[in-house]
There are 2 protein chains.
Amino acid sequence: MTNRLEDLLSTLQAAATLEDLQAVLESLRDHYKVEHTVYHWVNSVGERYGAGTYSAEWVDRYLEKDYLRMDPVIFGCFQRFTPVSWKELDWSSKAAREMWQDALDHGLGNQGYTIPIRGPNGQFALFTLNASLSDEDWAQFIDDNARDLMILGHEFNKKALEFEQWGEDGSTPALSPRELASMSCLARGMSRAQAAAELNISEHTLRVYIESSRHKLGAMNTTHAVARALSAGIIII
Amino acid sequence: MTNRLEDLLSTLQAAATLEDLQAVLESLRDHYKVEHTVYHWVNSVGERYGAGTYSAEWVDRYLEKDYLRMDPVIFGCFQRFTPVSWKELDWSSKAAREMWQDALDHGLGNQGYTIPIRGPNGQFALFTLNASLSDEDWAQFIDDNARDLMILGHEFNKKALEFEQWGEDGSTPALSPRELASMSCLARGMSRAQAAAELNISEHTLRVYIESSRHKLGAMNTTHAVARALSAGIIII
DNA sequence: CGCGACCTCGCTATTTATGGGGAGTTTTAT
DNA sequence: ATAAAACTCCCCATAAATAGCGAGGTCGCG
């Protein structure tokens, strides 16, 4: 077993292009004898990268129907820490059930297992296996392979991140200490007056810091600046 | 090797109290023959829980000196996805170097390896090994054990979350879809007028969502609400 | 020594956000 | 079926943030 994992990981390490990653997913599918293997990287703005063995029709339909906004897999994984078998998710909403039926009609198997992978800057990716198996067989399969899959998912994500700068330019502008302190106060809910008092400076001086932070961060307003500072990890609430 | 990992994981699975977790960390330290093993956990509000084999003196000093706010390990891991060996971090600032010397004086080894672990609701934990080894030996050690450590770190975090004695209030209030969309627009820098246009609603309706979001999130103002939503991981920029 | 970056303070005017009222329909859940 | 929650709209007055003009001191770097 471990040998196979090592083989898969070496193939992954050797990947040099996005096409190689696609090929890795296909060999994973064949190795685990499942219907589909998928990796996709999600963010709310709509930028995304996906690779996997889903049919082009299903992918198109998924995007067309905007299933991203209702998919219990996305929603569920976003709110949990551990990998999840699809049947554990909440399919109670009507929209979700319709989507599920639609998926089955497009060649997806009845079982799924998705590993949420989180990184800095709100990076969030999903690594998914989809198969047609009985509940028992699927549970056994997961039990046997959960750890390997976690390693694979994380290594895959690491590799995917190497290729492109998903986190935009990657060069987070450096804020001065006072600017960081100002952003931090605002992020913790202080008004300008309170933050100025906290930092023992005049409110006007604080304003100068906020302004300069905004410009450095390329933000439209204070809220935006604080949001960017948080996302960039340069301040922590 | 794998057998040892399985042993460690069974011990971890059997843990029933926080004291057991502490004991697991100690046996991990002994097993890997390192100076220290540490797990610490940060939640969206900034409360922290830590367990590990550091001396009480060092923990006290760390808290007293507020090293949390400057520790390159914390900061570095917060901004990266992959585990990191301490020497790769940025120790250029004077405060960081002083802290490093202080740490050595308090019995820490010269090498460290920290795995950042992220979960829902902005959950963020660090799993750390600290040792006294040459750079080469340490690199070899990491090379040999990186995957096992990742599994261990994630399993440890999973176990720690099960207890949830310190994270009970971590239940982030659920925002409605429109509230989330409003927060998301604001986080991306839109003014209220722009966000209202984006969502095809009146500016007043948008205000209602912002207000209700603020109340649900316990925020003092819009910026605070957006910051909390981001930290909680319920929106992404 | 000058240059730039950082830190500090003040003024005025305009735009925007906030806080308090209310009121109706639709969707979801019990 | 009925209640709860979510979604949508409107007015008014005040508080706060933004944009523009300034000025002067400290510190490190080449």
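Can you pull the percent of Cα pairs in the stretch A:177-232 with separation above 14 Å?
On the way: 669 of 1540 pairs.
Counting every Cα pair in the stretch A:177-232, those more than 14 Å apart make up 43 percent.
The helix-only estimate of mean residue ellipticity at 222 nm for the protein assembly as shown, built from DSSP H runs of length n ≥ 4 each weighted as -39500 (n - 2.57), is -17500 deg cm²/dmol after division by the residue total.
Taken residue by residue and averaged, Cβ atoms of other chains lying within 10 Å of the Cβ of B:82-91 number 1. Remark on the stretch B:196-237: accessible area falls by at least 20 square angstrom from chain-alone to full-complex state for B:220, B:221, B:223, B:224, B:227, B:230, B:231, B:233, B:236, B:237, probe 1.4 angstrom. With kT/(6 pi eta Rh) evaluated at 10 °C and eta = 1.306 mPa s, and Rh the Kirkwood radius from Cα pairs, the stretch B:7-99 diffuses with a coefficient of 106 µm²/s according to Stokes-Einstein. Shape analysis of the stretch B:2-169 yields a ratio of the Cα radius of gyration to the Kirkwood radius, Rg/Rh, of 0.93. Axis angle, to the nearest 10 degrees, between helix A:94-105 and the longest C-alpha principal axis of chain A: 40 degrees.
Please calculate how many Å² of accessible area the protein assembly as shown carries per residue, with a 1.4 Å probe and no DNA, RNA or ligand atoms counted.
Working: 22090 Å² over 474 residues.
Heavy-atom accessible area per residue stands at 47 Å².
Compared with the dominant Cα axis of chain A, that is its longest principal axis, helix A:177-187 is turned about 70°. Between the Cα long axis of helix B:18-32 and the first principal axis of chain B there is an angle of about 50°, rounded to the nearest 10. Size of the protein assembly as shown: Rg and Dmax of its alpha carbons, in Å, are 23.0, 67.
Could you work out, residue by residue across A:96-108, how many beta carbons of other chains sit within 10 Å of that residue's beta carbon, and then give the average as an integer?
0
Work out the mean other chain Cβ neighbour count within 10 Å for the residues of A:188-194 and drop it here as an integer.
On the way: counts 8, 11, 4, 4, 0, 0, 1.
Whole-number average of other-chain Cβ neighbours for A:188-194 is 4.
Within the stretch B:140-230, the ratio Rg/Rh, alpha carbon atoms throughout and Rh by Kirkwood, equals 1.24. Atom-type composition of the exposed protein surface of the protein assembly as shown places 49 percent of the accessible area on carbon and sulfur (1.4 angstrom probe).
What order, most packed first, do the peptides A:174-182, B:136-144 have when packing is the mean number of other Cβ atoms within 10 Å of each residue? Walk me through the numbers on the way to the answer.
Details: A:174-182: 17.6, B:136-144: 13.9.
My ranking of the peptides, most packed first, is A:174-182, B:136-144.
Straight-line reach from residue A:33: taking Cα to Cα under 13 Å and skipping same-chain neighbours fewer than 8 places apart, the aspartates and glutamates in range are A:137.
Net charge around residue B:195, counting only other residues with Cβ within less than 15 Å of its Cβ (Lys, Arg = +1; Asp, Glu = -1)?
Details: positive: B:178, B:188, B:192, B:207, B:214; negative: B:179, B:198, B:203, B:211.
Once positives and negatives cancel, what remains is +1.
For chain A, relative contact order (Cα pairs under 8 Å, six or more residues apart, normalised by length) works out to 17 percent.
Checking the cross-link filter: which lysines have an alpha carbon closer than 27 Å to that of residue B:94, excluding same-chain neighbours under 8 positions apart? Residue B:94 reaches A:216, B:65.
Given a Förster distance of 22 Å, report the FRET efficiency between residue B:163 and residue B:26 from their Cβ-Cβ distance, rounded to the nearest 0.05. Intermediate results must be reported in sequence, preceding the final value.
Details: r = 18 Å, r/R0 = 0.80.
Taking R0 as 22 Å, the efficiency between residue B:163 and residue B:26 is 0.80.
Once B and A are treated as a pair rather than alone, how much accessible area drops out, both sides summed, in Å² to 100, probe 1.4 Å? Don't jump to the answer; show the numbers that get you there.
Values: alone 12870 and 13120 Å², together 22090 Å².
Rounded to the nearest hundred, the buried surface is 3900 Å².
In the stretch B:172-231, Cα pairs under 8 Å separated by at least six residues give a relative contact order of 36 percent.
Phi angles across the stretch B:153-159 convert, under the Karplus curve 6.51 cos²θ - 1.76 cosθ + 1.60 with θ = phi - 60°, into 3J(HN,Hα) values of x, 5, 5, 5, 4, 4, 5 Hz, Gly and Pro given as x.
The values are calculated or read from the model by the stated rules, or taken from the named source; none is laboratory data. Computed from a predicted model, the values in this text were never measured in an experiment. Cβ: placed from backbone, ideal geometry, glycine included. Neighbour counts: every protein chain shown. Quick note on the areas: whole protein, heavy atoms, side chains included, nothing else; ligands and nucleic acids left out. Shrake-Rupley method; radii C 1.70, N 1.55, O 1.52, S 1.80 Å.
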